[in-house]
1. For region 165-193, what are the residues that are surrounded by 14 or more Cβ atoms within 10 Å (Cβ to Cβ) and charged (D, E, K, R)?
2. Please specify each residue of region 85-112 satisfying the condition of being out of contact with any helix residue (DSSP H, G or I) (no Cβ under 8 Å at 6 or more places or on another chain) and not hydrophobic (A, V, I, L, M, F, W, C).
3. Tell me whether region 35-57 contains one or more residues that are buried (at least 22 other Cβ atoms within 10 Å of the Cβ), modelled with pLDDT of 95 or more, outside any helix (DSSP H, G or I) and not acidic (Asp, Glu).
4. What's the number of the only condition in (1) more than 27 Å from Val10 (Cα to Cα); (2) in contact (Cβ under 8 Å) with a residue 12 or more places away in the chain that Gln69 fails to meet?
5. Answer yes if at least one residue in region 194-211 is at pLDDT below 95, surrounded by fewer than 14 Cβ atoms within 10 Å (Cβ to Cβ) and not in a helix (DSSP H, G or I), and no otherwise.
6. Would you be able to tell me the number of residues in region 10-34 that are part of a helix (DSSP H, G or I) and over 26 Å from Asn195 (Cα atoms)?
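The values are calculated or read from the model by the stated rules, or taken from the named source; none is laboratory data. All values reported here derive from a predicted model rather than from experimental measurement. FYI the Cβ positions are ideal-geometry reconstructions off the backbone, even for glycines, and counts take in every protein chain you see.
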Amino acid sequence: MNLEELVARVRQWKASNEAPVVVGVVGAPGAGKTTLVESLFKELNKDSPEPEVQEFAHVPMDGFHLSDQELIRLGLLDQKGAPETFDVHGYATLLQRLRSERDAVVYAPGFERTLERPIAGVIPVFPSATTILTEGNYLLLDSPEWRKVRGQCTEIWYCEQDDGKRIQRLIQRHIDFGKSQSEAEAWVRTVDERNAQLIRATRADADLIVSLEEVVGAA
């Protein structure tokens, strides 16, 4: 499906539901989830430049990374990005709150890649936003805590691209944010690809498979 078709699909969900809608996008590290959602977000809000009146919001899962300090306490710093290194309950609770009627701004956390840490309260979700686009690695993971996240999503798409391109993009991302070439390659091999296997196993449970190349080409 191309970008135009995906935009129409989101608008249809919005039109057919009185309550707020949450569309989730899942995929392996480096698959292009953020690229996909940002493209959708831009197109869906193109006639509403002012955030206070936009009907579509982007709330990524990355803001629920546990801090490095907490990961050190848990002995999980070398596994950063694995399912157990996120505040999954906080994420599910936020999505539940966003699915409710709201008369005030809800502030969601974000993630600053240059600092490699979550930042509280940097994403304002205004009451006008009745459709939430969210993206993350583990929205379809079949475990009790992650099923709570899945339960807050109206539907979930699986975003994918060519594995060779995905891995090269992922290595370059790590380099751009401070790792050496060898460190980046080792992290992708030992951490990111282990997580990618977990995510890939959930592909069949998605409501829609989306090729990033098709969307980027259409954009």
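1. Residues satisfying the conditions are Lys165, Arg166, Arg169, Arg173, Lys179, Glu185, Asp192, Glu193.
2. Passing the criteria: Thr93, Gln96, Arg97, Arg99, Ser100, Glu101, Arg102, Asp103, Tyr107, Glu112.
3. Checked against the condition, which is being buried (at least 22 other Cβ atoms within 10 Å of the Cβ), modelled with pLDDT of 95 or more, outside any helix (DSSP H, G or I) and not acidic (Asp, Glu), region 35-57 yields at least one hit.
4. (2)
5. no
6. 6
Residues checked against (1) of a type outside the set (A, V, I, L, M); (2) under 13 Å from the mean Cα position of the chain (by Cα); (3) surrounded by 13 or more Cβ atoms within 10 Å (Cβ to Cβ):
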residue: Thr85; (1), (2), (3): yes, no, yes
residue: Tyr91; (1), (2), (3): yes, yes, yes
residue: Ala104; (1), (2), (3): no, no, no
residue: Leu115; (1), (2), (3): no, no, no
residue: Pro124; (1), (2), (3): yes, no, yes
residue: Ser128; (1), (2), (3): yes, no, yes
residue: Leu133; (1), (2), (3): no, yes, yes
residue: Asp142; (1), (2), (3): yes, no, no
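The rows are residues; the columns are (1) of a type in the set (Val, Ile, Thr); (2) under 14 Å from His58 (Cα atoms); (3) not in a strand (DSSP E or B).
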residue	(1), (2), (3)
Gly90	no, no, yes
Arg97	no, no, yes
Ser100	no, no, yes
Ala104	no, no, yes
Tyr107	no, yes, no
Pro118	no, no, no
